[in-house]
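Values in this text are rule-based calculations from the coordinates and carry no lab data. Model, not experiment: these values are computed from the prediction. Glycine also receives a Cβ, built like all others from the backbone with ideal geometry; neighbour counts cover every protein chain displayed.
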Amino acid sequence: MANPHTLLLFALLLFLVACPSHQQQKQQKMNTIDLTALAAIKDSLTGIPGSNFFSTWDFASQDPCSTFSGITCSLNRVTSLTLGTGLSDSPGLAGSLSPSLSNLTELTQLVLYPGLVTGPIPPQLGGLRSLRVISLTNNRLTGPIPSSLSSLPNLHTLDLSYNQLTGSIPPGLFTGLSELKVVIMAWNSLSGELPRRMSTPLLHLDLKSNRLGGILPLEMPSSLHYLSVSRNNMWGPLNGLGSLSELVYLDLSMNQFNGPIPSSVFRPSLASLLLQRNNLSGGVPSRLVDPSSSYGEGSIVDLSHNLLSGELSPVLAGVESLFLNNNYWVGRVPMEYVDSFYRGRTKTLYLQHNYISEFPLEPGLALPDTASLCLSYNCMVPPVRLTACPASAGVQLPRPEAQCVAFNHMH
Ligand SMILES: *[C@@H]1O[C@H](CO)[C@@H](O)[C@H](O)[C@H]1NC(C)=O
Ligand SMILES: *[C@@H]1O[C@H](CO)[C@@H](O)[C@H](O)[C@H]1NC(C)=O
């Protein structure tokens, strides 16, 4: 019925309605609830003198989505909020985090750059179901980590490091969040214990320097690449590490872990193995699980300041920085260590404060200039010209004979 002329007119009208002009797009307004929330967020924060972060936040602006710094929008809603500039010449923000953050319901990313922001992490953040990244590091946040964060189904990265957070870590973070890959809570004052079983498929877990007690979880995610609980008050055996075959970095130093070191952690793909200053006992395995692999450049193994004993096996030959000092090692240092040292693969070898009786030198061969070897306070006269000891090793070169005799008598 319709004649071709009206059809054409209709199509033209449809086109005009569906495609807003350039002019209209520029004047799209930010959602009012988001704009009100941003005003409250700004009110609770101030720039430290020298920071002009908020200078672009002009609430009379026609288009806050494109003029406010630190904001990304999608369809007039705020999807990403970065507070502070992160530039080294700009101080951060002070004040506190407003609960109004919870009205930015489309937010996927919340970042607060280093500054002096105090007060709690608003528990209302747990209502932001789209959040993937929360990074609030290097401020002065206090109080607990809200347990509501463990109901964020899309959370991928949670970095709360370098604050003053207290209380225990909500166990739900480690049990129910299928997207959570990175958890960094280092350098706070968190206490309590980790749950016995963790099912969240984490890649990176850094809890360094807190006040955590208790034992290592019996089950940890086998996906872990990086694990640090260094500088806490944890204790007990190192069971549960056996299943962590993807680890490349493991730091359990400065706790009170005891019992033997599982042989599964002696593998070159685990290139940073830091177990120093614990109560670990027993020895090292006689061979690597995979003898065809070898430690490479940048590898570091620190087993110093434990209760380890027995003879050294060749497993750690080739490690670039090897700290075995302050234990109860006895006998002859395997030739493989000496070779790897001469060939420049091992650059640091600390063996001081043990009961070692022989370091087999190759007469006439010069050590590489970069080599650092410390053998003082063992049951032998160290080859003096080789020693390059840290000041903490003391000045006494050999251990007193009577100690060596008494030790050998006891063992
Ligand atoms: C969120 O927005 C609503 C509507 O503007 C307001 O009534 C409420 O107080 C806001 N909530 C917070 C925590 O600011
Ligand atoms: C670790 O060793 C120290 C010193 O030998 C001891 O005082 C402490 O009780 C031990 N801790 C544990 C948990 O075994």
(Q) Restricting to DSSP H runs of at least four residues, report the calculated mean residue ellipticity at 222 nm for the chain, -39500 (n - 2.57) per run over all residues, nearest 500 deg cm²/dmol. (A) -3500 deg cm²/dmol
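Using the per-residue mean of other Cβ atoms lying within 10 Å as a proxy for protection, in what order, highest first, do the peptides 227-233, 50-56 fall?
227-233, 50-56
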Q. Just from the alpha-carbon atoms, what are the Rg and Dmax of the stretch 190-338 in angstroms?
A. 14.9, 46
**Q.** the stretch 156-188 versus the stretch 363-403: alpha-carbon centroid distance in Å
**A.** 44 Å
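Which length gain, in nm to one decimal place, applies between S293 and A391 when the Cα-Cα distance is subtracted from 0.36 nm times their residue separation? Each step should come with its number before you reach the end.
Numbers: separation 98, 0.36 × 98 = 35.28 nm, distance 3.45 nm.
In short, 31.8 nm is gained.
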(Q) Below 8 Å between Cα atoms, with a sequence gap of 6+, how large is the relative contact order for the chain in percent? (A) 6 percent
(Q) Just to be sure I understand the model, the point goes 7 Å from the Cα along the line to the Cβ. What's the resulting Q403 to A39 distance in nm? (A) 7.2 nm
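Counting alpha carbon pairs within less than 8 Å and at least 6 residues apart, what relative contact order, in whole percent, applies to the stretch 163-258? Don't skip to the answer; put the middle values down first.
On the way: 245 pairs, mean separation 21.9, N = 96.
About 23 percent, as a whole number.
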Q: Excluding N233 itself, calculate the net charge of residues whose Cβ lies under 14 Å from the Cβ of N233, where each Lys or Arg counts +1 and each Asp or Glu counts -1.
A: +3
Q | Under 13 Å, Cβ to Cβ, from Y377 - net charge with Lys/Arg +1 and Asp/Glu -1 | A | 0
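For the pair S245 and R343, what calculated FRET efficiency results from E = 1/(1 + (r/R0)^6), where r is the Cβ-Cβ distance and R0 = 30 Å, to the nearest 0.05? The partial results should precede the final answer.
Working: r = 29 Å, r/R0 = 0.97.
Plugging the Cβ-Cβ distance into 1/(1 + (r/R0)^6) gives 0.55.
Work through the residues other than F407 whose Cβ is under 15 Å from its Cβ and net out their charges, Lys, Arg +1 and Asp, Glu -1.
Values: positive: R399; negative: E311, E401.
Taking every other residue near F407 into account, the sum is -1.
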Q. In a solvent-free Debye calculation with one equal scatterer on each Cα, what is log10 I(q)/I(0) for the stretch 260-411 at q = 0.14, 0.15, 0.21 Å⁻¹, listed in the order of the q values?
A. -0.64, -0.74, -1.49
**Q.** Alpha carbon convex hull of the chain, projected area averaged over orientations, nm²
**A.** 30.2 nm²
